[in-house]
1. Using only C-alpha positions, report the orientation-averaged shadow area of the convex hull of the range 2-141, nm², one decimal.
2. Normalised by the number of residues in the range 163-349, what is the relative contact order in percent for Cα pairs under 8 Å and 6+ residues apart?
3. Determine the sum of side-chain charges near residue 272: Lys and Arg each +1, Asp and Glu each -1, restricted to other residues whose C-beta is under 12 angstrom from that of residue 272.
4. Quote the FRET efficiency, to the nearest 0.05, computed for residue 314 versus residue 118 with a Förster distance R0 of 35 Å and r equal to the Cβ-Cβ distance.
5. Please sort 93-105, 274-286, 185-197 by packing, taking for each peptide the average over its residues of neighbouring beta carbons within 10 angstrom, highest first.
6. Label residue 59 and residue 137 with points 7 Å out from Cα along Cα→Cβ: what is the distance between them in nm?
7. Are there any helices in the chain, counted as whole DSSP H runs, that stretch 15 Å or more along their axis by Cα and score at least 0.5 on average by Kyte-Doolittle, and if so which?
8. When ranked by the protection proxy of mean other Cβ atoms within 10 Å per residue, highest first, what sequence do the peptides 291-303, 253-265, 53-65, 212-224 form?
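Bear in mind these aren't lab numbers, they're just calculated from the coordinates by the rules spelled out. What you see is a predicted model; the values in this text were computed from it and never measured. Neighbour counts are summed over all protein chains in view; Cβ atoms, including those assigned to glycine, are modelled from backbone coordinates with ideal geometry.
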Amino acid sequence: MGIIFTLNSATSIVFSIVGGALSDRIGRKGTLLTGSLSGVLIYAAIFADLIGPRQAASIVALFILSAISGALVFPSASALVADVTTEDERTDGYVIYRIMSNLGWAIGPIAGGVLYEYHFSLIFMMVSVTSLMQFLTIVFFVRNVKARQNTAKKRSGYLVFDRYLLTFSLGTFFLTIVTSQFSVTLPVYSSVYEGITGLRLGLVYAVNGTVVVLGQMPITSLMKRFDDVTTMMAGAAAYALGYLLVGFSGSFYQLMLDMAIITVGEDMTSPIMNTIVSRIAPPDRVGRYMGFLGMMNSTGRALGPSVGSFLLFIFSFERPLVWVGVDIFALTSVLLFTAFRAMLLRRDRLSSPSYGYKVQ
């Protein structure tokens, strides 16, 4: 099972780059339609296999390929938000995009749980139908946007080589290793070492959704007095504090507070990282830059659970050290964001670029 999920993550990593390049070449709408249609077909095929002869090899292969859909859609969608907003509106645009995505994350598991009671295969039919709804929405309501052409001649390959993008994306890579502890390490630690299971663990995670819905707008408004890179640094520090406190928490209510602090870090960083990348990207390569960011973050998400499991194993008798180990990755991301900010300040002193993000 671990190998299957690893291959699924590897597919996502590769096609994040492909999706970003395609969105610059053929336009955002065409890439979004391609990703949506692939979701329709792949999930419908999984449904057909599950209600038919149930060929295990076929189902596994299709599940691995299912990562293509999201990998094509997300870089294009992120680039499209940048296309239809001004620089002043951009963070608010990504906030709205994130809130709607989280609404889907909330509804999806509930709907999946209901369908599971009838037949497991219906979950994949639901995803196929929702992908079709996405496809039709894009057809009728999204106008095609191609990358604005830059007069300077540059190579137009799938990969991008930009030291600003690389430094910032490395920071988000280490931060994503931290954020991915949310899905495996934290629930295992809470249930095994703190004895919090069942409904109470669900309530701890409900704090995350509540703080996202109620806190995203106020936190974004509050942080507008600071530049975006400083907000990323503060968000990474909030993640570090929240996870460190988990190691010293011994009750259900303390874990709820820890989750609230962790989610504040999420609210600070999730919309801002796309804003920053959209601002440092040349006009004709926004999709590629988003694809590169997606590749780095997908890699972090793939490695994160293994990192957490390793820390749980080696520090099983010194439990706070599990979260100290996690915080090393958070602090590394802060150092990289600090270096990125210094690079921007130095560039702005030395030149006046025709595009790019400036630190105020």
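1. 9.2 nm²
2. Values: 222 pairs, mean separation 79.2, N = 187.
This gives 42 percent for the range 163-349.
3. Every neighbour counted, the sum reads -1.
4. Using R0 = 35 Å, I get an efficiency of 0.25.
5. Ranked by mean Cβ neighbours within 10 Å, highest first: 274-286, 185-197, 93-105.
6. 2.9 nm
7. The answer, listed by residue number, is 2-25, 28-51, 67-83, 122-141, 163-179, 198-223, 228-246, 252-280, 286-314, 320-350.
8. Ranking, from highest mean packing down: 291-303, 253-265, 212-224, 53-65.
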